[in-house]
Amino acid sequence: MSDFSFTCYGVRGSYPVAGAEFLKYGGNTSCLLCSTPDTNLILDAGTGIINLGRQLLAGRNTDREIHIFISHYHMDHIQGLPFFLPLYEPGCRVVIHAPPNPDSDGGSPLIHLFSSPLSPIGWESIKADVEFCGLKAGNVVPLSKTTRVETAFSATHPRDGIWLFRVGVNESSLVYATDVEFPLGMDAGIQRMCRETDVLVHDAQYLDNEYFDTSRPRKGFGHSTVSMAARDAVALDAARLFLFHYDPGHTDEILESNLEHCRTQFPSSFLARENQCIEIG
Ligand SMILES: [Zn+2]
Ligand SMILES: [Zn+2]
């Protein structure tokens, strides 16, 4: 087992899906665990974080701090949080790194998930030691001796933009670029942070024909086509590309045909798949 690996617990964009045609790659919304030597590092809290929380508790992995980085506040990236069981465990420490509050009312928008009328669960039910940290663009957040997270902000996702993360463990790295749309390619600042990564996890919500469909346009929705993901992987000189944040209408069969198309542009491409552990370094 290497020092650094990742496992997707949710790979879907927009909303969760169920059904036989989604079983192979999974129907939960965005959530990814980076396994590092000394931290539990989670990217996004879509419905996938529910299974992850159960596994962390079952494996008694909650002795270590849990860090959750939130890319933005759209529901498919936060909706699993009220069901993340370590939050209800006394003795657990959870640090939530989240974007600055667009409403600037002083509190975290995530608190709304734990309050009436959206939920019967109140924040007072939380028994873990929870700390909120605001993301700052261009920051490097050191989580331990081996593990750090670099952050970048892009305004390209409606309406409040999107945060990208580069997780570094010793000399290895994973870039998480979900909910991105760069019609003309990544801008220079984002490229600087993301280049030459070992693993690029990239939004791949649409097919080219969906993106350019004039009867139901998707341009400007803040998501990429499979071709745009491959183009960014080439531009960044990434070692491996994992397509991610699948359209809820894309069955396993459609995803596999998308992958074939992607590999014509970037041969070292793969489909992110729930519960599959991928070693990085
Ligand atoms: Zn999303
Ligand atoms: Zn979004």
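Since every read-out is calculated from the coordinates, none of them should be taken as a lab result. Keep in mind that this is a model prediction, so the values were computed, not measured. All Cβ positions, even for glycine, are placed from backbone atoms using ideal geometry, and neighbour counts span all protein chains on display.
Summary table below
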{"quantity": "Among Gly19, Gly222, Gly134: highest mean-square fluctuation, GNM of the chain, C-alpha pairs under 10 Å", "calculated": "Gly19"}
{"quantity": "Per DSSP, loop GluC sites (Glu not before Pro) in region 90-186 with at most 16 further Cβ within 10 Å", "calculated": "Glu171"}
{"quantity": "Convex hull of Cα atoms in region 5-279, direction-averaged projection (nm²)", "calculated": "14.3 nm²"}
{"quantity": "Karplus 3J(HN,Hα) series, Hz, for region 159-175 with 6.51 cos²θ - 1.76 cosθ + 1.60 (x for Gly, Pro)", "calculated": "9, 9, x, 9, 9, 10, 10, 10, 8, x, 10, 6, 9, 9, 8, 10, 9"}
{"quantity": "Spatial separation of Cα centroids for region 227-253 and region 1-57, in angstrom", "calculated": "17 Å"}
{"quantity": "Length-normalised contact order for region 108-189 - Cα pairs under 8 Å, 6+ apart - percent", "calculated": "16 percent"}
{"quantity": "At most 13 other Cβ within 10 Å, DSSP loop - trypsin sites (Lys or Arg not before Pro), region 47-78", "calculated": "Arg60"}
{"quantity": "Loop sites in region 81-185: trypsin sites (Lys or Arg not before Pro), DSSP, at most 16 other Cβ within 10 Å", "calculated": "Lys127, Lys136, Lys145, Arg159"}
{"quantity": "Ranked Ser269, Ser116, criterion: other C-beta atoms within 10 Å, fewest first", "calculated": "Ser116, Ser269"}
